[in-house]
Structures are given as C-alpha cells and as structure tokens.
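Read the structure below first, then the notes.
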Amino acid sequence: MLRRQEVHLSGAEMSKTLGISRNAVWKHIKALRREGYRIEAKPASGYRLIAVPAHPTPWEIQAGLGTKQIGKRIYTLSQASSTNEVAFGLALKGAEEGVVVLAESQIKGKGRMGRPWESPAGLNIYLSLILRPRIVPSKTPLITLMAAVACAEAIDKVTGLLPAIKWPNDLLLERKKLGGILTEADMELDRINFVVVGIGINVNMTRALFPPSIKDTATSLQEALGREISRIALIQSILRNMEQWYQRLGQGRGEEIRRRWKELSLVKGQAIEVTSLGEVVRGTALDIDEDGALLVQTDTNTIKRVVAGDVTLKGR
Ligand code: BTN
C-alpha cells in the first residue's frame, strides 16, 4: 500500500483496508523500518515510503516477480551457516516446493566436492531453492543443468553478459568462475523427496575481496562490468527463469534443457581432464546424455560416462 501511495497514507485507512488494528499497523511499520525501509510518520497525515532497502528483502523481490510457485515464500537471513543447510532443514520439516532461502553472508558456505564457498556479507547472491520434482532419481543432475541455464540466461538479461557453463555447474566469464550450483537431494532408491538447489553468484565482490587461493581463477559481475549490479533484479530474473525451465522439465521437455545447456556449454568438443571419484579421465568431451552425465571419448578410444567430477579444460 505504501509503495502505491505517493502522498501520506493514514494509519486509519491502512487499518481499515487490512482489517487489523492501528496498533498492529504501527507494529508492521516498525518491522519494515527494522528491515531498512525508510518510512516517514507524520502526525495527522499518516505514513509515507521514503526509501526501500538496497539489500534483497522478500517484499522487494516479490514486487512484480510474477511467478506462480517459485519464490512465493522467501526467507532472508542476515547470516546463515549455509543457505543449503537452512533450506534442507525446512524441506525436512515439509516446506513446500518453491521456498527460497537467501542470506547476506554465510559462515560455512559450501561448494561442490566439500570445498568452501567464499561468502562475504552484502555483496553477492547466496540462494537456495526447494524443489520436489516428480522425476526418477537418475535424472536429478538435470536439475543442476537446468539451474545453470536459468542463471546464465538471467545474468544475460540483467547485465548483457552471457556466461558460459562448464560441466556440470560452473558459470564462467572469460574462463573465470563467476558462480556455481550445489544441488543436494533427499531421495530413496526410486523417488526424490526433495532437492535443494544452491546458487552462489559473485555479484558485487571486488578483486581485493577474493582470497589468494581463488584470486586468479574467480571473477564477479562488478569486476567484469565496472559497476554495481542490482541483486534484487538478478534474483527476480533467476526465479522467473527457474520457474519456466522447471515447468518444461515437469512437462517432460528435459531435452530442451539439454539442448540449451549444450549451446551455453564450454566443454563440448574440447580436450579435457576430468577428476571423478579419485580417477582421472583424459579425452574429448563429446556430449551430455539424457541424465546429464558427461560423455568423454578417452585417449584410448573408449567412451566414459562421468556423473560427478571436476573438469579442467586442456585446450588454449
Ligand atoms: C560450486 O562449488 O561451484 C558450488 C557453489 C555453490 C554455492 C552456493 S551459495 C548458496 C548455497 N549455499 C551453500 O552453502 N552453497 C550454495
């Protein structure tokens, strides 16, 4: 209501429209102020919205979001151990599909293969989404591919920069890592209970903030563009894209995800080295199969199917 109103909006009017007491209206105003909204309160006139917070809040993300399920409920935390852990806990308690958990910072941000994910406060996107897909467990990797496609397209829409994807989940700009996806699932042999899709994107992080271990291999949107990017706009775009691609998956159109992923993928046809479960496979990346596994033509001319691992590009 405050967003729509240009002049002051009286407490009485809000209390009438919302069907709550004027005291309750005041409590909500105070809660919004704590979230960073600047709201003027003028005796005898009412309330006026002066400024909205720059950091993502559920209200800012949901304003104009337009999705049906993804992001209908959003939790924003100033700090989390890991948003994937928080989302996993919520899902175990029955949280519905589409719930989103965001944090301003993470103390134990998780990357793939047990690696840490650098998660300084107030700059980047750390987002986890709960899905309850009705697909067979062997197709779970498609969810990661789908998320990579949705994020790459969202980044393109908001910034004009289209990242490349490196199997299975790295988002790269000029061959440096811009973001990654960590999918964690709770499943039985024949069914998936839920999946948590964890998305980390380096948005406004500057060079000085990258620790020495990743300084030469990581980048951020700010670094590539030389200006700040609205995290709210990017989160909205990611959630919209995720909904669209997820709907296609639900309609049995997984093939379209695979096709788009391949268009954006860096590895196809390239000389690569994959480390998978302690084994090193060298060869040429041929394709991904319908379950999202990487097919590698090895130097000894056999075709290996790799379901998890790390790819190093050997060309150029
Ligand atoms: C990778 O190693 O490339 C995956 C990185 C995934 C990081 C994100 S940040 C939000 C979510 N919470 C986590 O702890 N990890 C994922």
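So, in region 146-168, exactly how many residues are in contact (Cβ under 8 Å) with a residue 40 or more places away in the chain, in a loop (DSSP other than H, G, I, E, B) and surrounded by fewer than 23 Cβ atoms within 10 Å (Cβ to Cβ)? Result for region 146-168: 2.
Any idea which of 243, 228 is of a type in the set (D, E, K, R), under 30 Å from residue 57 (Cα atoms) and surrounded by fewer than 16 Cβ atoms within 10 Å (Cβ to Cβ)?
228
Contact map, region 104-124: residues that are over 30 Å from residue 274 (Cβ atoms) paired with residues that are more than 9 Å from the ligand (Cβ to nearest atom) and assigned to a helix (DSSP H, G or I), Cβ distance under 7 Å, separation 6+ or inter-chain. Pairs shown: 120/209.
Given 32, 2, which one is in a helix (DSSP H, G or I), farther than 30 Å from residue 170 by Cα and modelled with pLDDT under 95?
Of the residues listed, the single one that is in a helix (DSSP H, G or I), farther than 30 Å from residue 170 by Cα and modelled with pLDDT under 95 is 32.
Restricting attention to region 242-294, the residues being of a type in the set (Gly, Ala, Ser) and out of contact with any Lys or Arg (no Cβ under 8 Å at 6 or more places or on another chain) number 4.
Residue by residue, here is whether (1) among the small types (Gly, Ala, Ser); (2) at pLDDT below 95; (3) within 16 Å of the ligand (Cβ to nearest atom) holds:
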| site | (1), (2), (3) |
| --- | --- |
| 187 | no, yes, no |
| 195 | no, no, yes |
| 222 | no, no, no |
| 255 | no, yes, no |
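None of 143, 165 is closer than 23 Å to residue 270 by Cα and hydrophobic (A, V, I, L, M, F, W, C) except 165.
Being modelled with pLDDT of 95 or more, touching a Phe, Trp or Tyr at 6+ places or on another chain (Cβ under 9 Å) and under 22 Å from residue 56 (Cα atoms): is that true of residue 130 here?
Yes: the conditions hold for residue 130.
For residue 121, the criteria (1) more than 11 Å from the ligand (Cβ to nearest atom); (2) over 22 Å from residue 78 (Cα atoms) hold in every case but one, which is (2).
Starting from residues that are in a strand (DSSP E or B) and either touching a His at 6+ places or on another chain (Cβ under 8 Å) or exposed (fewer than 15 other Cβ atoms within 10 Å of the Cβ) (or both), keep the ones in region 277-295 and report whichever is modelled with the highest pLDDT.
Filtering first and then ranking leaves 280.
Does region 69-79 contain any residue that is in a strand (DSSP E or B), surrounded by 15 or more Cβ atoms within 10 Å (Cβ to Cβ) and out of contact with any Pro (no Cβ under 7 Å at 6 or more places or on another chain)? Yes, region 69-79 contains a residue that is in a strand (DSSP E or B), surrounded by 15 or more Cβ atoms within 10 Å (Cβ to Cβ) and out of contact with any Pro (no Cβ under 7 Å at 6 or more places or on another chain).
The values are calculated or read from the model by the stated rules, or taken from the named source; none is laboratory data. Worth saying up front: this structure is predicted, and the values here are computed from it rather than measured. Here the Cβ is made from the backbone with ideal geometry for all residues, glycine too, and neighbour counts use every protein chain on show.
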